[in-house]
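Everything below concerns the one structure shown next.
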Amino acid sequence: MVRIKRLGLHVACAALALGTASGACAQRIVLDNATIVDTRTGKLTPHRAVVVEGNRIASIAAAGTVKAAPGDQRIDASGKFVVPGYNDMHAHPLNPGDTANQLQMMLAMGITGFRQMSGSPELLAARKAGTLMPKLAPTLLVTPGSLLVGPNAATPEMAVAEVHRQKAQGADFIKAISLPPAVLFAAHAAAKADGLTVTGHLLPLVNPREAAEHGMDGIEHLGPGDALLLGCSSQESALRAAIVPPRPVVAPPAEGEAPKNGAGTPPPGVPGAIGLANPLAFTPLPAILAYGKVLDSYDAGKCGALADVLAARGIWQTPTLIRVRTMEFGDDPAYVNNPELRYVIGTDRAVWQAAGERYKAVMTEPARAVLSRLFTAQLALTKLFYDHHVPMMAGDDTGGAGWVVPGYGLHQEFDLLTQAGLPPLAILQMTTLNPARYLHREASMGTVEAGKTADLLLLDGDPVASAANLHRIGAVLHDGHYYNAEDLAGLRAQVADREK
């Protein structure tokens, strides 16, 4: 069998490259003389040969000891560090829109698996039928059904019925958005009865300790806003009592519009997509300035105690610091003039630009100062969670956030986690080992070991020595296909050409 290149991609099997095989392929890929990174401990084991058959790691042996077999694809991995492929654990590439290109960009940036954070009955039906995913894509790890939000969860009874409906449709978990306590806790109970978990956003009305007690599985975006930081305030009770509940949702949003549920909703005549790109651009300034009261009353001891509760209950956090920052610094030139925007479809770029212009027009200097303080506090909260052993994963909200370029966003998340003070091994774990633990799939993913799925990266530097080396991807191995650096650049170039 000869090695065939199609569309600039090296693949492990000529039949697969030509689209004539369903996945069975006898050819092996041998990564010889690699250094394996143990994602549990950070230990480096050099001079190893990793043998891949199909999409599984068949064996690991000493370098140079694997006998050649006909059809082998042998890779000299000298100087390379082998780690599991990255998992983006908060992403929306399957939202209606530029799905194929977003998924291709994610794969080209070393993302071999993702947790979809919004779904629909149609999405679940397509997954069941096997028609959902294109070939050039990371693996869809799990997905919810429709977001649990005002239109389908205005009352506890509605929330319970929707949870049961999504269970029947095949949802893997429930994603809740800004639900008041009684509704959210009813959803928790229904999900538990159905063998599902609930993750998502918390309204500031919801005490995170109570959410933990009721079985919240995970909290996204550090709240978002001040929802978690309120739990660190010495004035928590008074500040929560002063919160005005959001206006009730009276009807489902139209296609492409933001839910009409209070603060952050675009005013009449403003396209909903712009509000979704950056809700802060439509948040009343008094609400933003009110964050200052939370920050002024920060109590480090109380915050540590909250972290201990979250850690003890195993409440997973996906900080999505890049999503948080792109909202709170919504007109940052680093985002507005980002050259990687060439990988984003023109309609999305226009929406993001409009959101940035709106932010620039309405955000006063006092509000900007508060948001800058808020982000500093969110970085510190992330480090505090790490110090208190709160379980965390890496995600970027790609497909659901303005200024977040698919694939690149997760790498920006790595940099922000570094800025927060997390060590390199912890960041590597947040995108490899921790997702395996969260999904209860440690038997098949999360480490480089024989018998596990062969979603692998070859890095050009030691990721335990520096998180900057997480960016230095020399090759990706996914679904039996080996993509070298040239191939990965070709995948990105294809997307850029399509998006012109």
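Taken over segment 191-207, the residue count meeting the criterion of being crowded, with 22+ Cβ neighbours inside 10 Å and assigned to a helix (DSSP H, G or I) is 1.
Quick check: is even one residue across segment 399-409 in the same structural domain as Ala108 (by TED's automatic domain parsing), in a helix (DSSP H, G or I) and within 13 Å of the chain's Cα centre (by Cα)? The answer is yes; a qualifying residue exists.
Matching residues to (1) more than 19 Å from Ile315 (Cβ to Cβ); (2) more than 22 Å from the chain's Cα centre (by Cα); (3) not assigned by TED's automatic domain parsing to the domain that holds Ala227; (4) not in a helix (DSSP H, G or I):
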site: Glu357; (1), (2), (3), (4): yes, yes, no, no
site: Leu381; (1), (2), (3), (4): no, no, no, no
site: Tyr386; (1), (2), (3), (4): no, no, no, no
site: Val390; (1), (2), (3), (4): no, no, no, yes
site: Ala394; (1), (2), (3), (4): no, no, no, yes
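Being surrounded by fewer than 22 Cβ atoms within 10 Å (Cβ to Cβ) and assigned to a helix (DSSP H, G or I) is a condition met by at least one residue of segment 129-140. Scanning segment 141-151 for residues that are within 18 Å of the chain's Cα centre (by Cα) and either over 15 Å from Thr453 (Cα atoms) or assigned to a loop (DSSP other than H, G, I, E, B) (or both) yields Val142, Thr143, Pro144, Gly145, Ser146, Leu147. Beta carbons closer than 7 Å, at least 6 apart along the sequence or on distinct chains, pair a first residue in segment 162-175 that is closer than 18 Å to Arg115 by Cβ with a second that is part of a strand (DSSP E or B) and of a type in the set (Gly, Ala, Ser) for Lys175/Gly200.
Inspect all residues belonging to segment 152-163 and state whether any of them is more than 22 Å from the chain's Cα centre (by Cα), closer than 19 Å to Gly400 by Cα and surrounded by 20 or more Cβ atoms within 10 Å (Cβ to Cβ). Taking every residue of segment 152-163 in turn, none turns out to be more than 22 Å from the chain's Cα centre (by Cα), closer than 19 Å to Gly400 by Cα and surrounded by 20 or more Cβ atoms within 10 Å (Cβ to Cβ). Based on what the data block shows, is Leu285 in contact with a Ser or Thr (Cβ under 8 Å, 6 or more places away or on another chain), surrounded by fewer than 24 Cβ atoms within 10 Å (Cβ to Cβ) and closer than 22 Å to Tyr359 by Cα? Against the criterion (in contact with a Ser or Thr (Cβ under 8 Å, 6 or more places away or on another chain), surrounded by fewer than 24 Cβ atoms within 10 Å (Cβ to Cβ) and closer than 22 Å to Tyr359 by Cα), Leu285 qualifies. Scanning segment 359-379 for residues that are under 26 Å from the mean Cα position of the chain (by Cα) and surrounded by fewer than 15 Cβ atoms within 10 Å (Cβ to Cβ) gives Ser372, Thr376.
For every residue, the table says whether it meets (1) among the aromatic types (Phe, Trp, Tyr); (2) outside any strand (DSSP E or B); (3) modelled with pLDDT under 95.
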position	(1), (2), (3)
Leu16	no, yes, yes
Thr20	no, yes, yes
Ile29	no, no, no
Thr39	no, yes, no
Thr45	no, no, no
Ala49	no, no, no
Ala58	no, no, no
Arg74	no, no, no
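Within the set Thr382, Thr398, Thr453, Thr432, the sole residue that is touching a Lys or Arg at 6+ places or on another chain (Cβ under 7 Å), hydroxyl-bearing (Ser, Thr, Tyr) and in contact (Cβ under 8 Å) with a residue 24 or more places away in the chain turns out to be Thr453. Of all the listed residues (Tyr359, Tyr343), the sole one being in contact (Cβ under 8 Å) with a residue 60 or more places away in the chain, hydroxyl-bearing (Ser, Thr, Tyr) and more than 26 Å from Gly113 (Cβ to Cβ) is Tyr359. With respect to Thr382, is the statement that it is polar (S, T, N, Q) and under 22 Å from Arg40 (Cα atoms) true? Yes, satisfied. Just to be sure before I move on: is Thr143 outside the structural domain of Gln494 (by TED's automatic domain parsing), in contact with a His (Cβ under 6 Å, 6 or more places away or on another chain) and buried (at least 22 other Cβ atoms within 10 Å of the Cβ) in the structure I sent? In short, no. Tell me the residue from Ile288, Ile322 that is assigned by TED's automatic domain parsing to the domain that holds Gly215, closer than 27 Å to Met393 by Cβ, in a helix (DSSP H, G or I) and among the β-branched types (Val, Ile, Thr), please. None of the others qualify; the one that does is Ile322.
Of the candidates Ala450, Ala489, Ala465, the single residue that is surrounded by fewer than 14 Cβ atoms within 10 Å (Cβ to Cβ), more than 22 Å from Phe414 (Cβ to Cβ) and in the same structural domain as Thr41 (by TED's automatic domain parsing) is Ala450. For segment 183-208, residues that are without any contact (Cβ under 8 Å) to a residue 24 or more places away in the chain and in contact with a Gly (Cβ under 8 Å, 6 or more places away or on another chain) total 1.
The values are calculated or read from the model by the stated rules, or taken from the named source; none is laboratory data. These numbers come from a predicted model, not from an experiment. With ideal geometry, Cβ positions are generated from the backbone for all residues, glycine too; neighbour counts draw on all protein chains shown.
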